[in-house]
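Remarks on the structure that follows.
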Amino acid sequence: MAASNEDTQVVDNKMYRPPQQEENQLTMDEVLERLRASLPNIPGLGGGGTIGLIFVALIVIAIIWAGTGFYTVGPDQQAVLRTFGQFQGTSTSGLHWHYPSPIGKRDVVSVTTARRMELGFRSGADGFTVAQSVTNESLMITGDENIVDVQAVVQYRISDLQNFLFEVDDPGDADRGIQPGRPDGRTLRDLAETALRQVVGARNIDDVLTTEKEQVQTEVLLKMRELAFEYKTGLDVFQVLLQNVNPPTQVQSAFEDVVRAREDRERLINLAEAYEAAEIPKATGDAARITEAAEGFKQGRIARAQGEADGFEAILEGYLQSPDITRQRLYLEAMEEILPGIKKFILSDTGVLPFLPLDGAGSGTVTGMGGAQ
């Protein structure tokens with residue numbers, strides 16, 4: 001194998017040539033020219049020219065642009081529609097179309113989801129991290145000039161999407177990931193703090209710590225709803241829950257002693273009330289039983305006295321009719337009652353003999369015929 005020149009080589013008795021550009025390869029200009037030639041004649045634009053190509057490209061772009069105007073709204077969402085920045089209305093769940101950008105814009109927001117905001121503390125993002133106290137939000141003065149540390153959770157949802165997006169300019173809340181422009185950022189936090197300070201500032205510390213937490217929650221909720229409506233935030237605050245309500249750390253042990261004393265007092269009061277509830281019916285029953293027994297004794301005594309009086313009147317009536325006979329009968333009846341209970345002796349000419357009754361009854365003394373005992 002030998003080389004004949006710089007451009008050719010002989011390999012296995014065959015001529016080898018370096019690759020060269022194919023003559024039938026199309027250039028970009030030829031492609032565009034063929035595309036323009038294939039375009040139909042459009043009246044007023046000339047046939048198969050550059051203007052026709054541009055027109056077709058514009059149609060394709062317009063179709064693609066219009067296709068981006070379709071959007072879907074979920075069951076728990078609403079969409080706000082804007083055209084050239086002006087509010088046009090809202091749309092509910094389903095498939096809709098609106099002018100795409102830059103003519104129109106749509107904001108799809110979940111309006112039924114319950115959201116929460118923490119006041120006075122920040123819990124961990126994972127839900128297990130120990131909550132961090134934020135004292136500049138939680139420390140406040142009560143009506144009796146005591147300081148109390150109040151932490152609360154506010155739950156809310158969006159009630160008016162137009163007001164929510166356009167009526168309040170808010171700096172946002174980085175802790176909860178709230179972007180600027182939404183009223184559930186710093187605005188909602190200020191509303192909650194204002195309402196809570198007003199309610200706590202009108203009450204004694206005992207009310208906030210122990211006895212009237214439920215009423216404090218209700219008043220704070222009503223105040224927040226009033227302020228949210230007045231500021232046109234578009235938010236519906238539906239629950240306020242007080243979490244930790246404690247006195248300052250420096251005096252917390254003293255307050256805990258007071259709370260324990262109050263709990264002991266309430267416990268003793270409850271025990272006393274339970275004892276009262278058990279003993280009063282028992283005493284009432286005993287009183288009724290004693291009263292009934294006394295009434296029965298009274299009726300028996302009255303009946304006995306009445307019988308004795310009737311008997312005496314009957315004896316008197318008999319005595320008036322036959323005094324001797326009645327006197328003798330009364331004497332015999334008296335002896336009949338007296339003699340069985342005494343020891344008796346019989347006097348005879350031979351001496352004094354004891355009287356031994358055969359029936360075993362008590363013995364006594366009996367008078368003889370001469371009246372001697």
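What to note about this one:
- For segment 141-148, 3J(HN,Hα) per residue [Karplus equation, 6.51 cos²θ - 1.76 cosθ + 1.60, θ = phi - 60°, Hz, x = Gly/Pro]: 9, 8, x, 9, 6, 9, 9, 9
- In this structure the amide hydrogen of Gln88, modeled in the peptide plane, comes within under 5 Å of the amide hydrogens of Leu81, Arg82, Thr83, none closer than 5 places in sequence on its chain.
- Per-residue Cβ neighbour counts within 10 Å put Ile205, Ile280 in the sequence Ile280, Ile205, beginning with the fewest.
- Residues Arg225, Arg262 in ascending order of nearby Cβ atoms (within 10 Å, fewest first): Arg262, Arg225.
- Distant-in-sequence amide H partners of Gln77 (H built 1.01 Å from N, under 5 Å): Val111
- Segment 127-211: relative contact order in percent, alpha carbon pairs under 8 Å with at least 6 residues between: 30
- Length-normalised contact order for segment 185-304 - Cα pairs under 8 Å, 6+ apart - percent: 18
- Cβ-defined net charge surrounding Thr83, 12 Å radius [Lys, Arg +1; Asp, Glu -1]: +3
- When peptides 250-259, 105-114 are ranked by their average number of other Cβ atoms within 10 Å per residue, the highest-first order is 105-114, 250-259.
- All other residues whose Cβ lies under 12 angstrom from that of Val208 are scored, Lys and Arg at +1 and Asp and Glu at -1, for a net of -4.
- Computed 3J(HN,Hα) for segment 93-108, one whole-Hz value per residue from the Karplus formula 6.51 cos²θ - 1.76 cosθ + 1.60 where θ = phi - 60°, is 4, x, 8, 9, 9, 8, 3, x, 5, x, 6, x, 8, 10, 10, 9, glycine and proline marked x.
- Taking amide H positions as modeled 1.01 Å from N, with prolines and chain starts lacking one, the residues under 5 Å from Ser123 and 5 or more places away or on another chain are Gln132.
- Compared with the alpha-carbon gap, the fully stretched path from Ala254 to Phe84 is longer by 54.8 nm at 0.36 nm per residue.
- Take 147-155, 71-79, 332-340 and order them by the average number of nearby Cβ atoms within 10 Å per residue, most first; the result is 147-155, 71-79, 332-340.
Quick note: the coordinates plus some simple rules give every number you see, no bench work behind them. Source: prediction; values computed, not measured. All Cβ positions, even for glycine, are placed from backbone atoms using ideal geometry, and neighbour counts span all protein chains on display.
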